[in-house]
Amino acid sequence: MALAKHHDRRIHPGSGRRRGLDHPKGRQVDPEALAEVRALLGERERRRDLLIEHLHLLQDRFGCLHARHLAALAEEMRLALVEVYEVASFYAHFDIVMDDEKAPPPLTVRVCDSLSCELAGARSLLAELPARLGEGVRVIRAPCMGGCDKAPVAAIGHALHEHATTASVVAAVAAGATHPALPEFVNLHSYRVGGGYHLLRACLAGERSRDEVIEALDHSGLRGLGGAGFPTGRKWRLVRQEPAPRLMAVNGDEGEPGTFKDRYFLETDPHRFLEGMLIAAWVIEAAEVYIYLRDEYPQCRAILESEIGAIEAAGLTPHARLHLRRGAGAYICGEESAMLESIEGKRGLPRQRPPFPAQVGLFGRPTLCNNIETLYWVRDIVEKGADWFTGHGRNGRKGLRSFSVSGRVKEPGVKLAPAGITARQLIDEYCGGMAEGHLFKGYLPGGASGGILPASMADIPLDFGTLEPHGSFTGSGAVVVLSDKDDMKAVALNLLKFFEDESCGQCTPCRAGTEKAVKLMSAPHWDEALLNDLTRVMSDASICGLGQAAMNPVKQVLKYFRADLE
């Protein structure tokens, strides 16, 4: 009995805990931390899908995510603590600090080390900045930030610092330049003076029919310009056929190295995109629209916050409620189903398909997913007619495309060009030719996952379906130009390191395969047989396009750049 007296672990009714324990199990909520969380959230809703937005509030306010605040947030949102931790730990822009750990310095400088920035000297920045900035500033490497045409790029706090040098970054930090400056853009007043929103008003007034709008898109041949290339009119029609309520999600998470066209459209003419989006919502009768924007574009977020408020005040959104959602540093969320998971406040893990988002998408409802550039073209195509759009094109292709061009050219940037233009024509006619002292050697026709082709294949039209027979694709039109100064083995290794970092880890072929590939490619001599086996496994068994296409650069180097392997 004496033994039982000291070790009685029976649960007493109503006690909520076992006898013998002097405190409740699990992490307890700190009242002070709970008060801070409640004050920060204010009147904001505590819905599950707002978890990432609330984590951003904490990260921005305290410079990190303290464990005590995560416990308090879980309590306030009525979530299990593990749900909050698994989401916070998934995204690169959240810094979790446990009770016994030291918080990061008040300022973080992220240096992009993706391909275009590495070509422009990012390694020197990473090597020199820590000593120059001192212990009060954290310097870390980061993936593509969408400033490839102004490489190298560093993010100082939330401010993108382009054409960065060690001296310029040090000076910017000393000046406190940690918040983004807004570029000049076409605001609501200027856009309406130029005829903006006339088409939307005509749609809302019944002067245009939904079928009429879809037919214009069908005849124009407009395709999804986020990379997949699905016909836009057909997608809208498929979603319309699904039962209501229907939703819409806009993919503004262009994280593919070499891609920055959506940023360009948002920074120059955001209302052309917003009008196309509102017309799409009207066509499919979506009462809720979610815009998912990558966290690396704080200046674009500020523009959208301002201009969405303006169009709402102007009465241009009677048919749809708009939600602006902020990514948190995860390339995988550019995959549409992973984006939907993130909008729902979860980890950005791609979903198995079928069902497709058009059938079972956001919150389980039929969802139209479109890219920013795709929606940008809607107004012009409907107003000017499909023949206007198809009147452009080269080499038997039709339409217009915007190409994000970076690397070894004199004039990098977003180039609006005819669909079907070749890489050689793009370089010579739109980019001022190759950079001084560089000879054209090869190019990435579709960003990191689109493979690497030699200059001898630079006369293939850049469009959907033209590059696939050669093991490549144009994707979102991210063209990175390489020269005789570049080692293709090093280029491919840079790209595979990106995929290794950005794999969501859900499936073994991608998670383990990218890590194994980086190790094999870091050796002085590549084990080609093993790399080929790895390529087959990853392309056949990975859940989403990241793992399926990650080895494309390796395949192309092995096939077209044998001299660089010797």
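Cut-off 20 Å, label point 7 angstrom out along Cα-to-Cβ of Leu182: give me the residues of the stretch 323-353 whose amide nitrogen falls inside.
Zone members listed by number: 323-327.
Could you give the length gained on full extension between Glu436 and Ser168, defined as 0.36 nm per residue of separation minus the Cα-Cα distance, in nm? List each step's numbers first, then the result.
Values: separation 268, 0.36 × 268 = 96.48 nm, distance 2.37 nm.
Taking Glu436 through Ser168 to full extension adds about 94.1 nm, to one decimal.
Considering only DSSP beta bridges whose two residues both sit in the chain, what percent are antiparallel, to the nearest 5?
40
Residue farthest toward the positive end of the dipole of the chain, with Cβ of Lys/Arg at +1 and Asp/Glu at -1: which of Val170, Val479, Leu200?
In the chain, that residue is Leu200.
So what is the diffusion coefficient of the stretch 60-136 in µm² per second by Stokes-Einstein at 25 °C and 0.890 mPa s, using a Kirkwood Rh over Cα pairs?
Details: Rh = 14.8 Å.
My calculation gives 166 µm²/s for D.
Taking the Cα centre as origin and putting +1 on Lys and Arg beta-carbons and -1 on Asp and Glu beta-carbons, what dipole magnitude results for the stretch 301-445, to the nearest 20 debye?
440
Would you mind calculating the gained length between Arg353 and His219 on full extension (0.36 nm times residue separation, minus the Cα-Cα distance), in nm to one decimal?
Working: separation 134, 0.36 × 134 = 48.24 nm, distance 2.85 nm.
Difference between extended and current length: 45.4 nm.
For the stretch 439-457 and the stretch 339-411, what is the separation of their C-alpha centers, rounded to whole Å?
23
Hey, could you grab the Kirkwood Rh for the stretch 78-119? Inverse mean 1/r over distinct alpha carbon pairs, Å, one decimal.
13.2
Largest first, please: the extent of the C-alpha atoms of the stretch 175-300 along each principal axis, to the nearest Å.
54, 34, 28
Strictly under 4.7 angstrom between C-beta atoms: which cysteines of the chain have no such partner?
Singleton cysteines: Cys64, Cys144, Cys148, Cys203, Cys300, Cys333, Cys369, Cys431, Cys504, Cys507, Cys510, Cys544.
For the chain, what is the mean residue ellipticity at 222 nm derived from helices alone (per DSSP H run of n ≥ 4: -39500 (n - 2.57); sum divided by total residues; nearest 500 deg cm²/dmol)?
Helix contribution divided over all residues of the chain: -11500 deg cm²/dmol.
Could you tell me how many cubic angstrom of Cα convex hull volume the stretch 91-160 has per residue?
92
Pop a pseudo-label 7 angstrom from the Cα along the beta-carbon direction at both Glu212 and Asp484 and give the gap in nm to one decimal.
Going from the Glu212 label point to the Asp484 one covers 5.9 nm.
Apply the Karplus parameterisation 6.51 cos²θ - 1.76 cosθ + 1.60, with θ equal to phi minus 60°, to every residue of the stretch 137-147 and state each ³J(HN,Hα) to the nearest whole Hz, in sequence, with x for glycine and proline.
Ordered by residue, 3J(HN,Hα) equals 10, 8, 10, 9, 7, 8, x, 3, 10, x, x Hz.
Near Lys485, which lysines are there with a Cα under 17 Å away, not counting those fewer than 8 places off in the same chain?
Lys410, Lys441
Can you give me the distance in nm between label points at Ser456 and Val518, each placed 7 Å from the Cα along the Cα-to-Cβ direction?
3.3
Principal axes first, then extents: for the Cα atoms of the chain, list largest minus smallest coordinate on each axis, whole Å, largest first.
Sorted largest first, the three principal extents are 92, 66, 50 Å.
Given points 7 Å out from each Cα along the Cα-Cβ axis, report the Phe62 to Trp388 separation in nanometres with one decimal.
Each label point is offset 7 Å from its Cα along the Cβ direction, giving 5.3 nm.
What number results when the radius of gyration of the stretch 489-566, computed over Cα atoms, is divided by 2.2 N^0.38 Å?
Numbers: Rg = 11.4 Å, N = 78, 2.2 N^0.38 = 11.5 Å.
Taking N as the residue count of the stretch 489-566, the ratio is 0.99.
Mind grabbing the base-10 log of I(q)/I(0) for the stretch 426-566 at q = 0.10, 0.11, 0.17 Å⁻¹? Debye formula, identical points on the C-alpha positions, no solvent, two decimal places.
Here log10 of I(q) over I(0) equals -0.32, -0.39, -0.91.
Based on DSSP H assignment, which helices of the chain show an axial Cα extent of at least 20 Å together with a mean Kyte-Doolittle hydropathy greater than or equal to -1.0?
270-284, 298-313, 488-502
What is the calculated FRET efficiency for Gln28 to Arg48, with r their C-beta to C-beta distance and R₀ = 22 Å, to the nearest 0.05? Let's see the in-between values first.
Values: r = 23 Å, r/R0 = 1.03.
FRET efficiency, Gln28 to Arg48: 0.45.
What is the dipole size for the chain, taken about its Cα centre, with +1 at each Lys and Arg Cβ and -1 at each Asp and Glu Cβ, in debye to the nearest 20?
1240
Only the coordinates and a few stated rules stand behind these numbers; no lab work does. Remember, predicted model here, so these are calculated numbers, not experimental data. All Cβ positions, glycine included, derive from the backbone under ideal geometry; neighbour counts span all protein chains shown.
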